[in-house]
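Inspection log for the structure reproduced underneath, given as structure tokens.
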Amino acid sequence: MQKFEAGAFDEDAEAGQVLELEILKGGSSKRTTAEKRAYVRDHRPRCLSVAEGCRLMGIARSTY
């Protein structure tokens, strides 16, 4: 957390943090499967695999 606040994370790591925060706030539970799939496709940082993005959003990798 200290590294994040100090700006030491690169852009991809920061985007991964944003995705995880979105999940923790319950944002994914309010989305349809199609919206979750689009979110993973459009907002997934390069450092996060498609499979991990799907897992975080609560959708099967095969639906991607």
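Restricting attention to the range 44-54, the residues that are at pLDDT below 85 and loosely packed, with under 15 Cβ neighbours inside 10 Å add up to 2. Among the residues of the range 27-43, just one is open to solvent by 70 Å² or more (accessible area, probe 1.4 Å) and at pLDDT below 75, namely Ser29. Would you confirm whether or not the range 8-26 contains a residue that is at pLDDT 80 or above and either exposed (fewer than 15 other Cβ atoms within 10 Å of the Cβ) or more than 12 Å from the chain's Cα centre (by Cα) (or both)? The answer is no; no qualifying residue exists.
The values are calculated or read from the model by the stated rules, or taken from the named source; none is laboratory data. Every value quoted in this text rests on a predicted model; they were computed, and no experiment measured them. All Cβ positions, even for glycine, are placed from backbone atoms using ideal geometry, and neighbour counts span all protein chains on display. Just so you know, the surface numbers come from the protein's heavy atoms only, side chains and all, with ligands and any DNA or RNA stripped out. Shrake-Rupley method; radii C 1.70, N 1.55, O 1.52, S 1.80 Å.
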